[in-house]
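Laboratory data are not the source of any read-out in this text; all were calculated from the coordinates shown. This is a predicted model, so every value here is computed, not measured. Backbone-built Cβ (ideal geometry, glycine too); neighbour counts: all protein chains shown.
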Amino acid sequence: MKRLLCAVLLCLLVVGLCGCGKQGVVEELSTVPSTSQPMAVPQKISEHPWGVTIEQIDLDDPENQKYIDWAKGHQYERSFNRPDYFDVEVYVKQADEEPDPWIRVWENKKKNMLRERHRPWNDAKELVIRYVYSDEYSGHKELLVRDKATGETECIDKGGFYDANGVVFDPVVVLDDTRFLYSRYYWDSGDPDMYYIYDLEIGERICVAGSGLCDLGNGPHLWSDSGMGIEGGVLYLIDMRELEAGKKEAKKELVRWGSDYYAVEIYHLSSDRRFVYLDFSLDSEHTGYRTRHRGVYDIETGGQVALFEIPDSRAGYALISDDLEYGYYSAGNMDDPTVHSFYIIHYARAGEKN
């Protein structure tokens, strides 16, 4: 199963995300964030920064009707380089069809208060979902690995019980003696399931379905980790084949961002697989409102080639090519929406002007 899993991981495709947001002022954006706000990624800046410009299209100009038409026609389409992620469906189906393997230990069965659920993993370890109550209606859940002999535990993930922060760990599928797959989602937030593989040998979890893993082909992957125990987040370059062979240099840190930034996602990979585009948000405590940022990084060096604030955090964005991106914000009738704003982002490699 371990070899099969690696084979599946090696078949992942290239990453990119969906998107859909007046010709007026053309604004040239700095590749370095303003000093008035926290630094997103305090690693080295590339010697060859990109030029980035943004056009806000005047939608009242009849000549720009073509942009409104484009937005209405592409509102459900994804960017030109849409990814496929790790196929978890076969494992989810497997978990649904098998008998429930969990053993329940009750805190108060009448009040439906569980103390924990546990199940065997391998000869030495077991998996535990622990319920920690603050009171009868609130608390948090922990996903743990417990040593059967000593009782020592390692926390893999955790989250609150209810409302938008009510986390669910389900299903949990044992893949082999060193790896298990689990999903994490929230009761009321509407966020999609995120799937992770926890690897006992490296002592870490890897996102395999969502926006955290990107296949570069022939083994190497980009992995964006902003999970538990990470101050901010880290973008790693991992070679799955070298990892399987136990090589110490199989994982390399490319980019580290501070705790002021969150929700970091791999947005796009350039066609030559040289540059990765990241999306992240700035903590509202520092700005008074939510801001979205885009950073572009050289995969070979980890150098930052571009960093700027996306102009309208409500807008969706779609990459047309490596150097052209559309963004627009629309609302109203889903079949015939009103397009309120439209932006064009231009990227020029190595600082060249558009």
*Along the Cα-to-C-beta direction of residue 149, a point sits 7 Å from the Cα; which residues of region 90-125 have their amide N less than 12 Å from that point?*
123-125
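Kindly put 249, 55 in sequence by how many other C-beta atoms sit within 10 Å of each C-beta, fewest to most.
On the way: 249 8, 55 17.
In order of increasing Cβ crowding within 10 Å: 249, 55.
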*Extending each Cα 7 Å along its Cβ direction at residue 72 and residue 104, get the distance between those two points in nm, one decimal.*
5.3 nm
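Computed FRET efficiency, Cβ-Cβ of residue 65 and residue 256, R0 41 Å: what is it to the nearest 0.05?
About 0.35, to the nearest 0.05.
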*Taking neighbour Cβ counts within 10 Å as the exposure measure, how do 300, 97, 126 sort from fewest upward?*
97, 300, 126
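Roughly speaking, what is the stretch gain from residue 133 to residue 58, that is 0.36 nm per residue apart minus the C-alpha to C-alpha distance, in nm to one decimal?
Details: separation 75, 0.36 × 75 = 27.00 nm, distance 5.44 nm.
Roughly 21.6 nm would be gained on extension.
Could you compute the net charge surrounding residue 107? Neighbours are other residues with a C-beta less than 15 Å from the C-beta of residue 107; K and R count +1, D and E count -1. Can you show the working numbers first?
Values: positive: 104, 109, 110, 111, 115, 117, 130, 141; negative: 116, 135, 136, 142.
Neighbour charge sum, excluding residue 107 itself: +4.
Sort 61, 96 so the one with the fewest other Cβ atoms within 10 Å of its own Cβ comes first.
Working: 61 12, 96 9.
Lowest count first: 96, 61.
Over 21 Å between Cα atoms: which of 125/247; 141/251; 141/252; 125/158 fall into that group?
125/247; 141/251; 141/252
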*At residue 48 and residue 249, where each label point lies 7 Å from the Cα along Cα→Cβ, what is the point-to-point distance in nanometres?*
2.3 nm
